[in-house]
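Step one of this worksheet: look at the structure below.
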Amino acid sequence: MFAFASDAEIVNTNSNSGAVMKKDGYQFKQFGNKYFVRVDKDMEIVSVLKEICKENGIAAGEITGLGAIKSVTFGFFNPETKQYTEKTFNEYMEITSLVGNVSQKDDEVYLHLHMNASGKDYKTIGGHLVNAVVSATSEIIISSEKGSVGRKFSEEIGLNLFDF
């Protein structure tokens, strides 16, 4: 069952096809444990996914997607310095692969996402996804699982690791 924000709208409640939840900038339809998400033009993907997970109590799951973007920031983790460096690309690109997982850190939604994207030169770039702004549309599937997976910072590694 959906947990809606006050500005959300249920568009269709046909029990055979699932309810459609629509909000400014995105909408999704749920089938069992899967959420089929459409992120609209000019929306930031990571924040939309966090909002959906938070509002629907998704504490463990997988994310896959594709689409078109006009801006993206990737992070690269250097294991020697234990630091991320970020680089932003402001150009039209196709998302060739968006993958990741949903977990929890400090009782908040924690997304770990990686993405590849290619531009008009057909060369692909990618890395840890910090943020991405949609240029046309993005189609993403969140597969939720019952239960919760936590995260805990590892001093040795320098990252927030799964905490079972």
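Readers should treat all values here as calculations from the given coordinates under stated rules, not as data from a laboratory. All of these numbers come straight from a predicted model, not from anything done at the bench. Glycine also receives a Cβ, built like all others from the backbone with ideal geometry; neighbour counts cover every protein chain displayed.
Report whether or not Tyr122 is closer than 25 Å to Val39 by Cα, part of a loop (DSSP other than H, G, I, E, B) and out of contact with any Asp or Glu (no Cβ under 6 Å at 6 or more places or on another chain). Spelling it out, Tyr122 is indeed closer than 25 Å to Val39 by Cα, part of a loop (DSSP other than H, G, I, E, B) and out of contact with any Asp or Glu (no Cβ under 6 Å at 6 or more places or on another chain). Restrict the check to the stretch 50-65 and report whether at least one residue is over 30 Å from Ser148 (Cβ atoms), in contact (Cβ under 8 Å) with a residue 40 or more places away in the chain and not in a loop (DSSP other than H, G, I, E, B). Taking every residue of the stretch 50-65 in turn, none turns out to be over 30 Å from Ser148 (Cβ atoms), in contact (Cβ under 8 Å) with a residue 40 or more places away in the chain and not in a loop (DSSP other than H, G, I, E, B). For the structure I just gave you, tell me whether Glu91 is closer than 30 Å to Gly57 by Cα and of a type outside the set (A, V, I, L, M, F, W, C). The answer is no for Glu91.
Residues that are hydrophobic (A, V, I, L, M, F, W, C), assigned to a strand (DSSP E or B) and within 17 Å of the chain's Cα centre (by Cα) within the stretch 133-164 comprise Val133, Val134, Ala136, Ile140, Ile141, Ile142, listed in sequence order. A count restricted to the stretch 90-100 and to residues that are in a strand (DSSP E or B) and surrounded by fewer than 16 Cβ atoms within 10 Å (Cβ to Cβ) stands at 3. For beta carbons closer than 8 Å, sequence separation of 6+ or different chains, a first residue in the stretch 75-100 that is in contact (Cβ under 8 Å) with a residue 40 or more places away in the chain and closer than 18 Å to Leu49 by Cα and a second that is aliphatic (A, V, I, L, M) and assigned to a loop (DSSP other than H, G, I, E, B), there are no qualifying pairs.
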